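To start, the structure itself, in structure tokens.
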Amino acid sequence: MKKISIKIGLLFFCLIFMMEVCLFFLLHQKIAHSRIAEELSALVTRGNNHRDVLETYYNDETIHHIALMEVKSDTEVVITNNQGEIIISSTDINNQMHQLIKTEKKEMSRNGKIIENNWQDKPYIAAVTPFETDIDSGFVYMFKDTRQVKELMQQLNRHFLIAGIATAIVTAFIILILSRIIARPLIKMKEATKKLSKGKFSIQLENSSNDELGELADSIQSLANELNHLKTERNEFLASISHELRTPLTYIKGYADVAKKDHISMTDRVNYLNIITEEVTKLTTLVTELMELAQLDNNTFTIQKQWFPICDSLKKISTTILPSFQESGITLRMICPENYQILADPIRFEQILINLLDNARKYSPRGTITTVKVKKENADIKISIQDEGKGIPSKDLPFIFERFYRIDKSRSRELGGTGLGLSIVKELVDAHHWKIEIASEINKGSTITITAR
Ligand code: ADP
């Protein structure tokens, strides 16, 4: 039994069916008891009526008349005197009747009583009412054949059976529909996850409910969207990598082929070999940065945070990077008013700053100034790198941290850029749980601010 709808349906059916059986049983008992009680009370009432007639007109004719009345009805009457001698009866007296008549009647109320109510085992149910006149006194016995009562009960049972079967069929039908309605979204989700496991991420799960099933459908849908997005990203990334690798490799192959030729001068050969070395250096940088990103993606690197004075670290960075700034004719300024302590991984912090400063240098013209400023705002330390370079168009700003995203590809390549620097910076900033923002204006410059806390 694999189908969830069948499982849910059967479970509900068993529960509801059991409830229905209990209710039907209770109802049946109630109706049966009240029907029997009615029959018994009718018997007593009939006996009481005969008593009233006897007490008013006690004579032979009245007695015969009462017996005659009962012959024509479905009840029987036996009238006895106080000694138990039978004055008249509407039928032949059988054993059960004899026994009941013989039983001593003590403290009997004028309104009579039931003397036999066992309709299941005895042939008659019975009631007795005492009568008293000036001439004689005695008892009026009323009997009713239990076959009629049993027939009545059988009829009641038949009605209950029909009603029970009809209710069970209707219940089963309703439950079948309901269980299908409940199971349908589950089945759809199962099919969707099956597709996901086979790598088909373009699924569309419509969600029409706000309950837990709806939430589950939403979760599966967002998982599928995420996987789809990752798949597209991975494909784009792979395409970008192969493109990025192919370009320097084409140069290397081209220049190596030319350098091999006999007729070229020594100077040209050295030139070509220099180009090959440059391209190999670029490839090495690219591969190193890709490895770095792969590590960041897999979380296989660890951030080892420690407190250190920020100005001291900036001085060290500036010493490393200053020669390249001087060569590019750009002034590097550091504004670090107080040697605040910062909690960071010192090596990664240096990597972030060097990447950003290198961009500022690469994309700024000679004669400009790049300023690194540190300030404290409440509990945060803000480090900004401001350049007077060519700036970043606002349409490109949202994508600037994406891998291989470059505004001017050939210019970036020329300057030794890989298009991975800012992605690495972003990953490192995120790993520190910091924030990074870029503000930029074309031909005026860019300011990148890191908020560390
Ligand atoms: P790249 O290796 O090409 O510099 P990055 O990821 O570091 O790659 O930067 C992505 C792109 O963002 C660069 O190609 C460049 O076009 C632009 N960019 C980054 N920093 C600056 C900056 N300070 N000024 C102008 N453009 C910048």
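The values are calculated or read from the model by the stated rules, or taken from the named source; none is laboratory data. Worth saying up front: this structure is predicted, and the values here are computed from it rather than measured. Please note: Cβ atoms are built from the backbone with ideal geometry, for glycine as well, and neighbour counts cover all protein chains shown. Calculation scope for accessible area: heavy atoms of the full protein, side chains included, ligands and nucleic acids excluded. Shrake-Rupley method; radii C 1.70, N 1.55, O 1.52, S 1.80 Å.
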Item to complete: Would you mind getting me the FRET efficiency between ILE93 and LYS30? Use the beta-carbon distance for r and R0 = 35 Å, nearest 0.05.
Response: 0.50
Worksheet item: Just for the Cα atoms in the chain, what are the lengths along the principal axes, largest first, rounded to whole Å?
Response: 159, 59, 35
Discussion item. Tell me the per residue accessible area of region 114-258 using a 1.4 Å probe; a whole number in Å² is fine.
Written reply: 64
Item to complete: Order PHE160, PHE24, PHE325, most accessible first, counting only protein heavy atoms with a 1.4 angstrom probe.
Response: PHE24, PHE160, PHE325
Discussion item. With n ≥ 4 as the cut-off for DSSP H runs, can you work out [θ] at 222 nm for the chain, using -39500 (n - 2.57) per run divided by the number of residues, rounded to the nearest 500?
Written reply: -20500 deg cm²/dmol
Discussion item. If you split all Cα-Cα distances of region 1-59 into 10 Å bins from zero, what percentages do you get per bin, shortest first?
Written reply: 19, 20, 17, 14, 12, 9, 6, 3, 0
Practice prompt. Would you rank TYR57, TYR124 by solvent-accessible area, highest first, keeping every protein chain in place and using a 1.4 Å probe?
Written response: TYR57, TYR124
Worksheet item: To two decimal places, what compactness ratio does region 76-196 give when its Cα radius of gyration is scaled by 2.2 N^0.38 Å?
Response: 2.19
Discussion item. Whole-Hz ³J(HN,Hα) for each residue in region 398-411, computed from phi via Karplus 6.51 cos²θ - 1.76 cosθ + 1.60 with θ = phi - 60°, x for glycine and proline: what do you get?
Written reply: x, 9, 4, 8, 6, 5, 6, 7, 9, 6, 10, 4, 5, 5
Discussion item. Please compute the per residue accessible area over region 408-453 with all protein chains in place, 1.4 Å probe, rounded to a whole number of Å².
Written reply: 47
Worksheet item: What is region 135-225's relative contact order, in percent, from Cα pairs under 8 angstrom and six or more apart in sequence?
Response: 20
Item to complete: Kyte-Doolittle cut-off 0.0, length cut-off 30 Å along the helix's own axis using Cα: show which whole DSSP H helices in the chain pass.
Response: 4-56, 146-197, 266-298
Worksheet, complete the sentence: Excluding residues fewer than 8 positions from LYS113 in its own chain, the aspartates and glutamates with Cα under 14 Å of it are GLU38, GLU39, GLU104
Worksheet entry | Sulfur and carbon atoms: percent of accessible area, region 373-453 [1.4 Å] | 47
Worksheet item: Any idea which of ALA183, GLN295, VAL280 is furthest toward the positive side of the dipole for region 155-300, if Lys and Arg beta-carbons carry +1 and Asp and Glu beta-carbons -1?
Response: ALA183
Worksheet entry | Relative counts (whole %) of C-alpha pair distances in region 172-325, using bins that are 10 Å wide | 8, 17, 18, 18, 15, 12, 7, 4, 1, 0
Item to complete: Go through ARG180, ARG361 and list them by solvent-accessible area, largest first, probe radius 1.4 Å.
Response: ARG180, ARG361
Worksheet entry | Mean separation of Cα contacts under 8 Å (6+ apart) over length of region 233-352, as relative contact order % | 24
Item to complete: Give me the accessible area of LYS260, 1.4 Å probe, in Å² rounded to the nearest 10.
Response: 150
Fill in: Candidate aspartates and glutamates for bridging to LYS105, where Cα separation is under 15 Å - those fewer than 8 sequence places away on the same chain excluded
GLU85, GLU116, GLU132
